[in-house]
1. Just how far, in whole angstrom, is segment A:49-101 from segment B:1-72 if you go by their alpha carbon centroids?
2. So the label point sits 7 Å from Cα along the Cα-to-Cβ vector; using that for residue A:120, what distances do you get to the other copies, in nanometres, sorted shortest first?
3. Only loop residues by DSSP count here, and only those with at most 15 other Cβ atoms within 10 Å; note down the GluC sites (Glu not before Pro) in segment A:70-129 that meet that.
4. Would you mind checking which residues have amide H under 5 Å from residue B:127's amide H? H placed 1.01 Å from N; only 5 or more apart, or other chain.
5. Taking amide H positions as placed 1.01 Å from N in the peptide plane, with prolines and chain starts having none, which residues 5 or more places from residue B:79, or on another chain, fall under 5 Å of its amide H?
6. In nm to one decimal, list the spacings between the residue A:9 label point and its equivalents in the other copies, with label points set 7 Å along Cα to Cβ, shortest first.
7. Please give the average number of partner chain Cβ atoms lying within 10 Å of the Cβ of each residue in B:65-74, rounded to a whole number.
8. With a 1.4 Å probe and every protein chain left in place, work out the accessible area per residue of segment A:44-142 in Å², rounded to a whole number.
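The values are calculated or read from the model by the stated rules, or taken from the named source; none is laboratory data. Small disclaimer: the values here were computed from a predicted structure and weren't measured. We place every Cβ from the backbone using ideal geometry, glycine too, and count neighbours over all the protein chains shown. For accessibility, only protein heavy atoms count, side chains too; no ligands or nucleic acids. Shrake-Rupley method; radii C 1.70, N 1.55, O 1.52, S 1.80 Å.
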Number of protein chains: 2
Amino acid sequence: MADQSEIEEGLAFAPQFGADGLVTAVVTDAKSGDVLMVAHMDAEALRRTIESGEAWYYSRSRKKLWKKGESSGHVQRVVELRVDCDQDALWLKVEQQGPGTCHTGRRSCFYRAVPLGKGGAVTLEFRDAEKAFDSKAVYGKP
Amino acid sequence: MADQSEIEEGLAFAPQFGADGLVTAVVTDAKSGDVLMVAHMDAEALRRTIESGEAWYYSRSRKKLWKKGESSGHVQRVVELRVDCDQDALWLKVEQQGPGTCHTGRRSCFYRAVPLGKGGAVTLEFRDAEKAFDSKAVYGKP
């Protein structure tokens, strides 16, 4: 492992995968700046993303490599890929092909807000939650 | 654990902390939309953030709760807090007090880009990497 100053100030790309072999990937819409999703990449997903310019991830639930859009056609073209100071998180600015990112049919996975300034139980509020596409038709699942 | 449709479509806030007791928090600048940092929250950091409207996190390296800005004065006022479809990631839109977010002195922690379309070893490129403040003076560390 490279030393901390090399990781923070150097130009060698040395992604710091966690004990699970993954780094966190934050995906924003290159035009609006909105956060579309948060996902994870293993070394192979990262390699394919860099080489192809299209986003690949590793699914923790399905335990497999996946290309965003492989089922839905909603591919993400990566406009810019950045790494953070300690190289354990990635930021992808993407052009999202198709009407939306989220498997629920929304444009973004972040369609609910948590009200601030309250203690106790919290009730979410829908925000930008209109469906952009019919997820059942796109993914073919009930 | 609530069932999947309740987690995705319900209004009950049920953050899905990982085995380490943490959820991922993506922090963007409320004005520019730029990703400033990626951090983690435990239940207590999240509770304090919701109640106070200022961002608290859990440091995995220091193994302790911390309020952003407690050393630097660079507090983050939370403009909006959102949760994603499966409630295992949070998005904070913040007004960053002071000149920058990153402990290295940059405005954002994401000050290097990974060039795309290449195989093999990758050389990073500085991007928006000018120092916004003197981190040694602010944090008092060499």
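1. Their Cα centres are 22 Å away from one another.
2. When each copy's label point is compared with this one, the spacings are 6.4 nm.
3. Here the sparse-neighbourhood loop sites are A:70.
4. Those lying under 5 Å, H to H, from residue B:127 are B:112, B:113.
5. B:93, B:94, B:95
6. Listed shortest first, these distances are 5.4 nm.
7. Values: counts 0, 0, 0, 0, 0, 0, 0, 0, 0, 0.
Partner Cβ neighbours, averaged per residue: 0.
8. Working: 4580 Å² over 99 residues.
On a per-residue basis, segment A:44-142 sits at 46 Å².
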